[in-house]
Structures are given as C-alpha cells and as structure tokens.
Amino acid sequence: MARRQDQVLQLEPEHELKFRGPFTDVVTTALKLSNPTDRNVCFKVKTTAPRRYCVRPNSGVIDAGTSINVSVMLQPFDYDPNEKSKHKFMVQSMLAPAEMTDMEGVWKEAKPEELMDSKLRCVFELPSENEKTHDTEPNKIVSSSILKSESSSLSKSMNASPDEGEVKIIDECKKLQLEVQRLWEENKQLRVRDDDGLRMRKSTAMSAAHSSSASGSMVKEEGPSTRMLALCVLFFIIGVIIGKLVL
C-alpha cells in the first residue's frame, strides 16, 4: 500500500478548532492555511457534522507562498457541558497539476498517494463567571455615570434662578407697556376734547370762530405729538427685545 505524503500546508491552529459560547447564536472561528511551497496547492475542508457547520471557503487553490483564511461557523444549538464534542475537521490537500481546468475532475482523478490530510478536533468553551462579570461591570459603570450626569443636569436646570439682567429687562418692559397704555388714554381724551371744541366753534360767531380755530389747531398738534411719543416708546421696546435675543 502506497504511503501518503506529509501535509505541505501549514495549519493555524494546528490541532484544535475552539468555539467559545454562549451558543445561542452563530459562533465563528478562523482557520489559516499557508502554502510555503513553490507550487500551487488544492485544498478541501471536510467535517464529520456538515449540518452543524458552515465553512467559507470550503475548497480552492492556494498559490505558492501565500495563505488563505477559512471561516468555520458553528450554528446555534443547545449546549450540554457534560457532553464531549466528537466533531472533527479534516483539511485535505494535493499539489495542483500544471494545467488545471476542472477542479472536481482533478480530485476525482487524484491517486491516494497524492493526497495529504490533517485532522482537527472541535472544542466548545463557555466563558467563566468571572469573565462574565468583568465584561458586564464596565457597562454598568458607564450606565451609572450617564444616569448621574443626566440627573445632575436635570436638577441644575430645575433649580436654576433667572438671570438678574433678564429680570430687570422684563420689569422695564412691563413699565413701558403701562406708559404706552397711559399715553393712549391721554390721546383718546385729547381727541374727545378736540371734537367738543369743534361743536362749540360752530355755535359761536365768525370772529370768535377764528380765535377758536387757532386754539383747536394747537390741540391737534398736541395729539400727533403724543402719538409720536408712543411710537418712539414702542420702537424702544422692540430694540430692547432684539438686543436681548442677539446677546
């Protein structure tokens, strides 16, 4: 019986594929295959439990002097720590022929003495309780810090007193509003007096009417001047408010 050749590929890891739980989700481990020779090498990755694993790539060609990373993905399952894993992997390889067109054909036509293989066993591990605590503790500290920061900010915003400058401006605005209302009341009274003077001038003589007309014109001038003062006060209020928004 012809003796098989020694494996030319270098495997990393060499003997075990370790899968670290929990196994409620897909767990992936890496297998590195290196070709130190001066020839291309064909490879295949096989397992005794094909339904439990997904291997990418599971076959191909490794060029001379290069390497390739193979991802081995373990599907989720109910892990029993008392059950020992019997799953195994085998990396099979052969030197690629000089002219290769059909990969499957090359494997079918390969002679047993041309094939090389390496076997790896699967090991399942669960993180210890100390590691779980170590992983979760930083998250708790960060969460606690965030909550304290938010609580402190909220407390400051609730207890903060209004700025003294803002209080003074608000008081000034209230005073100006009262002053404007007073000026408008005075303007209304002047208008009433103006109307009464006109009615009186119609009942008097022409000479007296001329004198009353002059007096009435003075009253009319007083009304618009009061309105101008009210408008100036309004513009001042608007200027104060705009200045506060800009600052």
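Every number in this text was worked out from the coordinates using simple rules, so none of it is lab data. As the structure is a prediction and not an experimental result, all values here were calculated from the model. Cβ coordinates were reconstructed from backbone atoms using ideal geometry, including for glycine residues, and neighbour counts include every protein chain displayed.
Assorted remarks:
- The strands (runs of 3 or more DSSP E) found wholly in the range 1-111 and carrying at least 2 residues that are among the β-branched types (Val, Ile, Thr) and farther than 25 Å from GLU125 by Cα occupy 59-62.
- When restricted to residues that are closer than 21 Å to GLU114 by Cα, surrounded by 15 or more Cβ atoms within 10 Å (Cβ to Cβ) and in contact with a Lys or Arg (Cβ under 8 Å, 6 or more places away or on another chain), the range 40-85 contains 3.
- Among the residues listed as PRO50, PRO76, the single one being out of contact with any Phe, Trp or Tyr (no Cβ under 9 Å at 6 or more places or on another chain) and within 30 Å of SER128 (Cα to Cα): PRO50
- Selection from the range 86-120 of residues that are within 50 Å of the chain's Cα centre (by Cα), surrounded by 15 or more Cβ atoms within 10 Å (Cβ to Cβ) and within 19 Å of THR48 (Cα to Cα): HIS87, PHE89, VAL91, GLN92, SER93, ASP117, SER118, LEU120
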